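Worksheet: one structure, shown below.
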């Protein structure tokens with residue numbers, strides 16, 4: 001009877017061994033690393049200073065009604081809801097060229113494509129007015145260049161000329177190609 005009671009007490013006692021200590025130490029080091037990364041690095045000045053940048057883009061083959069759904073100051077978002085930037089402005093449907101557009105920041109002209117004729121030569125063809133258009137525009141965003149020279153939107157998301165991205169406003173989805181990134185001002 002006495003032996004059974006001692007066995008139960010022995011099982012009830014918790015034994016602490018070296019493996020438990022190592023696991024606790026690793027967990028504490030992980031927590032310290034996270035704290036260092038998100039607080040101390042910012043205090044020491046390693047955080048990137050975000051500045052305003054002007055990102056230009058091209059949208060091809062969209063409905064001619066696109067300018068009617070965009071307005072100056074419209075917010076642009078990624079599909080996860082992260083804000084990308086703010087539209088600079090919108091021009092009405094026109095056949096403006098970049099040189100004659102003045103300060104407008106969304107240039108819209110009939111969409112054009114190269115097609116081949118019956119002899120196989122490329123021919124420049126445009127869609128009829130009030131069908132499909134190509135648009136060029138710009139938006140302002142906050143970002144910084146990394147130490148490697150890459151532009152990071154919001155200091156986190158890589159963005160470069162030639163990259164195709166999808167952004168959303170409250171009314172439209174824009175599939176665009178980035179054409180340039182420059183400091184705003």
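The values are calculated or read from the model by the stated rules, or taken from the named source; none is laboratory data. This structure is a prediction, so every number in the text was calculated from the model and none was measured. Counting neighbours? That spans all protein chains shown, and the Cβs are built from the backbone with ideal geometry, glycine included.
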With the condition being at pLDDT below 90 and in contact with a helix residue (DSSP H, G or I) (Cβ under 9 Å, 6 or more places away or on another chain), I'd like the strands (runs of 3 or more DSSP E) fully within region 118-178 carrying at least 1 qualifying residues.
132-145
For region 150-161, does any single residue satisfy the condition of being in contact with a strand residue (DSSP E or B) (Cβ under 7 Å, 6 or more places away or on another chain), closer than 20 Å to residue 107 by Cα and surrounded by fewer than 15 Cβ atoms within 10 Å (Cβ to Cβ)?
yes
